[in-house]
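Structure record follows, encoded as structure tokens.
The values are calculated or read from the model by the stated rules, or taken from the named source; none is laboratory data. Note that the structure is a prediction, hence the values are computed from the model and not measured. Cβ atoms come from the backbone with ideal geometry, glycine included; neighbour counts cover every protein chain shown. Ligands, DNA and RNA are excluded from the accessible area calculation, which covers all protein heavy atoms including side chains. Shrake-Rupley method; radii C 1.70, N 1.55, O 1.52, S 1.80 Å.
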Amino acid sequence: MGSGQQTPSYRFGLVRDWPGYFRSVEGKGPRETLVEAAGLVESDESAEHAFAIDLGCGEGRDTAELLRRGFRVLALDGHPQGIERVLARTAPDHAARLEARVAAFETLEELPPCDLLNASFSLPFCPPDRFARVWELVTSSVRPGGVFAGQLFGDRHSWASIPDRSHHTAQEARGLLRGFDLVRFDDEERDAEDFEGHAMHWHLFHVVARRVE
């Protein structure tokens, strides 16, 4: 690796090097979808003690934003180092509103009811044979009027041929969101290249959706 060059975070995701990914995104701010979703929940009069689940919380950039805004948060990640980083970055005056634990979402049996479920760039890493069950848990945990935020990977993504990833067409992705009003459904498709010249084609959907009451 040349002087001053850094490996793009997606290269770590390619090989599931999560400690490397955590290091590569350290210090970055919350995702736009999470910020938009949190604002929707905060606009509700009943949201004074809102409860959020951060599914696949990683190093905690979105968890930290939710805590800053006053949410109670359940942060889940399958890698112990992610949870260690979440706990290490949590301010003492926020700690009482956080529960953080190691849990691979594809093995979860249940999720508690929540006002906001955030899944930033995590659900595509669910094996396809487990995705339907995980998605059922996700959608059923969001209370009527609550909000889902996150990303799904499209069928033209470079990783679509990797058998342990879940990818969807735009029609399939919209179909998953039956029972939700779409606030945002951005279909992003672009080419990228890392410093070693490796080609990468991004195809993903950025979603913010409110569950219909």
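Gain in length, residue 170 to residue 212, computed as 0.36 nm per residue apart minus the alpha-carbon separation, to one decimal in nm? Walk me through the numbers before you get to the answer.
Numbers: separation 42, 0.36 × 42 = 15.12 nm, distance 2.07 nm.
Taking 0.36 nm per residue and subtracting the Cα distance, the gain is 13.1 nm.
Given the peptides 92-105, 27-40, arrange them by the average over their residues of other C-beta atoms within 10 Å, most packed first.
By packing density, highest mean first, the sequence is 27-40, 92-105.
Restricting to Cα atoms and excluding each atom paired with itself, what does the Kirkwood estimate give for the chain in Å?
17.6 Å is the Kirkwood radius here.
For residue 133 paired with residue 108, estimate the spin-label separation in nm (one decimal), with each label point 7 Å from Cα along the Cα-to-Cβ line.
Calculated label separation equals 1.4 nm.
Between residue 68 and residue 26, 0.36 nm times their residue separation minus their Cα-Cα distance comes to what?
Numbers: separation 42, 0.36 × 42 = 15.12 nm, distance 1.74 nm.
Here the answer is 13.4 nm.
For the pair residue 93/residue 201, report the inter-label distance in nm, with labels modelled 7 Å from Cα in the Cβ direction.
Reported label-point gap for residue 93 and residue 201 is 5.0 nm.
Work out, step by step, the length gained on full extension between residue 84 and residue 183: first 0.36 nm times the residue separation, then minus their alpha carbon distance; give nm to one decimal.
Residue separation times 0.36 nm, minus the Cα-Cα distance, leaves 32.3 nm.
What nm value, rounded to one decimal, do you get for the distance between residue 143 and residue 36 when each label is placed 7 Å out toward the C-beta?
It is 2.4 nm.
Accessible area per residue for the chain in Å², computed with a 1.4 Å probe and the full protein assembly in place, what is it?
Per-residue value: 48 Å².
At q = 0.13, 0.25 Å⁻¹, work out log10 I(q)/I(0) for the range 19-119 with the Debye formula, treating every Cα as an identical point scatterer and leaving solvent out; two decimals please.
So the normalised log intensities are -0.41, -1.46.
Counting Lys +1, Arg +1, Asp -1, Glu -1, what net charge surrounds residue 29 among other residues with beta carbon under 9 Å of its beta carbon?
On the way: positive: 28, 31, 61; negative: 65.
Surrounding charge for residue 29 is +2.
Out of residues 5 or more away from residue 166 or on other chains, whose amide H comes under 5 Å of its own, with H placed 1.01 Å from N in the peptide plane?
Excluding prolines and chain starts, which carry no amide H, the hits are 125, 126.
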